[in-house]
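Okay, structure first, notes after.
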Amino acid sequence: MLGTAASSAATIPTTAHTANSIRRAFQTTTFDSLSSSHHPILRAWFHFLSLRSFSNVSTKAMSHSQTLHASNYHPQSSAPGNKQALISLSDKKDLTLLGNGLQELGYTIVSTGGTASTLENAGVSVTKVEQLTCFPEMLDGRVKTLHPNIHGGILARRDQKHHMEALNEHGIGTFDVVVVNLYPFYDKVTSTGGIAFDDGIENIDIGGPAMIRAAAKNHKDVLVVVDSQDYPALLEFLKGSQDDQQFRRKLAWKAFEHVASYDSAVSEWLWKQTGGGMLLCDKFPPKLTVPLSLKSSLRYGENPHQKAAFYVDKSLSEVNAGGIATAIQHHGKMPMLLGIVSEFRNPTCVIVKHTNPCGVASGDDILEAYRLAVKADPVSAFGGIVAFNIEVDDALAKEIREFRSPTDGETRMFYEIVVAPKYTEKGLEILRGKSKTLRILEAKKNEKGKLSLRQVGGGWLAQDSDDLTPQDIQFNVVSEKKPQDNELRDAEFAWLCVKHVKSNAIVIAKDNRMLGMGSGQPNRLESLRIALRKAGDEVKGAALASDAFFPFAWKDAVEEACESGIGVIAEPGGSIRDGDAVDCCNKYGVSLLFTKVRHFRH
């Protein structure tokens, strides 16, 4: 006859000796003859042995190192009406608050490892998971909660009679609350210096996601929490007398989202460890998940009637990669924009209006560069975005605040946003006084080599970022006239500007400043004419850059540019009429450079 739970000093049968005792009991006892008064763990053992051949049970599997005694492990279950909360956390922020709150509400807290120790040190009573499973943590912590006594208590539906009967039959109690967060995989694999492959694998959580998913699936009966910010709301909910299924569903959604983001990080990291991305054919994985996190709600999107929000890409590849999405906001509300100024090597000011750079200038004197950037198109610059690639100090801040429009010399320039990599305290103070609505952002340089994602009806276009600079390409002279050094520098500057202008795009530049640009026209000739009109008389000897090749030359864009006095033209080449462009430039004595790099931007 097998012993019952009445004897608290009885030894839980895990050694070879007690296993033999169970074998003898098995030979003389049937499962049905065991009553519910028998120890539930012994009943579980009997059931296990009835399903498996005894030839598979060896003394090796029951080594003394895994011997459990009832003096250390008393199997426990919650009687009907008892409330249990399961807590297992890597991030223990506000754990004491949660533990005390649940205990005050009459919950029995079941916990694991370090979480249990933290709660006990805070004076919170804890039942350890081992006391429910009657099994020790094993395999270096890989197996702790993966047990029917845990998952049965989470997944059982309270409205299904046979579920509750099954729990009662096996002595398993229910869990009403499950609070779990996961191993810090994201932080580990993005830490400075990286992480060894084996260490990365060990930081992949298994038991945590299993409990979260189980509780979220059964959210009708189990509250699941993965974010410490939800602890106060959880405790308030538990104090109430009414059940709110919408609250439960919201927590369940958050739990599944938490696990999905976690899995996307593991997938992205493991893909890179397989060599993914090293070969061109493997650069884009067969499936791609992009985790986005809400940064801020916006007043509106592109237009006032379009509701909008701004999300940050939480992919591993975006960690410390810079860009406007991770900007520090010093004043005002978060805008939607992309910084382009970081691609310029010299101190530079870029003014952007409706995502197009309408003014660009570089120079050792950043104050003068700012003035020249405004001068390129002061009408468009008004109400735009002004960005710098160097620190904004008090002198520059004063110039931004006080500078008058070149159109009349009186109107103070107004901007929606100022962006820079850094500000002095005095500079910030001055800018904050310019306008209550001015947004002041501190943004790191946008790193090269990032993946660009753009939504296309029904899907997303994934492509390399267009982050080539003049130092990455060759400006090949195809005309008879070779450009002077200063002309080549102007061509490189114009080329770097035009890649950020909406197609069809033309930029005219000279002496490290934009003179005029034409953008977004359905034909290149119209974009050229707009750029020439803005450049005015300064076009003589200037450089022109085109984002794509010229399909026609004679009596078209190339010839009009040459007749206007342009000194050098930079374009990708590749047209079947490239020869006409060369001949036209030779006729007018203009240098023509082919870059073999197109810059369409839509």
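The values are calculated or read from the model by the stated rules, or taken from the named source; none is laboratory data. Treat the numbers as computed from the prediction; the structure is a model and nothing was measured. Cβ: placed from backbone, ideal geometry, glycine included. Neighbour counts: every protein chain shown. Surface accessibility is based on the protein's heavy atoms, side chains included, excluding ligands, DNA and RNA. Shrake-Rupley method; radii C 1.70, N 1.55, O 1.52, S 1.80 Å.
A quick yes/no check of all residues on (1) at negative phi; (2) open to solvent by 50 Å² or more (accessible area, probe 1.4 Å); (3) part of a loop (DSSP other than H, G, I, E, B):
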{"position": "GLU120", "(1), (2), (3)": "yes, yes, no"}
{"position": "GLY123", "(1), (2), (3)": "no, yes, yes"}
{"position": "GLN131", "(1), (2), (3)": "yes, no, no"}
{"position": "THR145", "(1), (2), (3)": "yes, no, yes"}
{"position": "ASN149", "(1), (2), (3)": "yes, no, no"}
{"position": "ARG157", "(1), (2), (3)": "yes, yes, yes"}
{"position": "ALA166", "(1), (2), (3)": "yes, no, no"}
{"position": "GLY171", "(1), (2), (3)": "no, no, yes"}
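Checking segment 185-200 against the condition returns no match, with no residue being surrounded by fewer than 19 Cβ atoms within 10 Å (Cβ to Cβ), assigned to a loop (DSSP other than H, G, I, E, B) and over 29 Å from the mean Cα position of the chain (by Cα). Filtered by the rule that a residue be in a loop (DSSP other than H, G, I, E, B) and among the charged types (D, E, K, R), segment 219-247 gives LYS220, ASP221, ASP227, ASP243, ASP244.
When restricted to residues that are outside any loop (DSSP other than H, G, I, E, B) and open to solvent by less than 20 Å² (accessible area, probe 1.4 Å), segment 379-422 contains 14. One residue alone among GLY106, GLY81, GLY114 is modelled with pLDDT under 85, on the phi > 0 side of the Ramachandran plot and out of contact with any Phe, Trp or Tyr (no Cβ under 6 Å at 6 or more places or on another chain), and that residue is GLY81.
The set of residues in segment 354-413 being over 36 Å from the mean Cα position of the chain (by Cα) and of a type in the set (Val, Ile, Thr) consists of VAL379, THR407, THR411.
Residues of segment 546-602 that are within 24 Å of ARG489 (Cβ to Cβ), among the hydroxyl-bearing types (Ser, Thr, Tyr) and open to solvent by 10 Å² or more (accessible area, probe 1.4 Å): SER564, TYR588. Given (1) open to solvent by 80 Å² or more (accessible area, probe 1.4 Å); (2) of a type outside the set (Ser, Thr, Tyr); (3) farther than 25 Å from TYR231 by Cβ; (4) in contact (Cβ under 8 Å) with a residue 24 or more places away in the chain, identify the lone condition not met by HIS162. Unmet for HIS162, out of (1) open to solvent by 80 Å² or more (accessible area, probe 1.4 Å); (2) of a type outside the set (Ser, Thr, Tyr); (3) farther than 25 Å from TYR231 by Cβ; (4) in contact (Cβ under 8 Å) with a residue 24 or more places away in the chain: (4). Checking each residue of segment 447-467 against the condition of being under 17 Å from CYS349 (Cα atoms) and not small (Gly, Ala, Ser) gives no match. Cβ-Cβ distances below 8 Å connect the following pairs, each with a first residue in segment 465-489 that is among the polar types (S, T, N, Q) and in a loop (DSSP other than H, G, I, E, B), a second residue that is surrounded by 16 or more Cβ atoms within 10 Å (Cβ to Cβ) and modelled with pLDDT under 90, and a separation of six or more residues or different chains: SER465/LYS450; SER465/LEU451; THR469/GLU343.
Which number in (1) within 30 Å of PRO286 (Cα to Cα); (2) open to solvent by 30 Å² or more (accessible area, probe 1.4 Å); (3) of a type outside the set (Val, Ile, Thr); (4) part of a helix (DSSP H, G or I) marks the one condition that ALA216 misses? Every condition holds for ALA216 apart from (2). Quick check on SER228: is it surrounded by 14 or more Cβ atoms within 10 Å (Cβ to Cβ) and either at pLDDT below 80 or in contact with a Lys or Arg (Cβ under 7 Å, 6 or more places away or on another chain) (or both)? Yes.
Is it the case that LEU438 is over 18 Å from LEU515 (Cα atoms), hydrophobic (A, V, I, L, M, F, W, C) and at pLDDT below 90? Against the criterion (over 18 Å from LEU515 (Cα atoms), hydrophobic (A, V, I, L, M, F, W, C) and at pLDDT below 90), LEU438 qualifies. Look at (1) at pLDDT 75 or above; (2) assigned to a helix (DSSP H, G or I) and you find that PRO286 fails only one, number (2).
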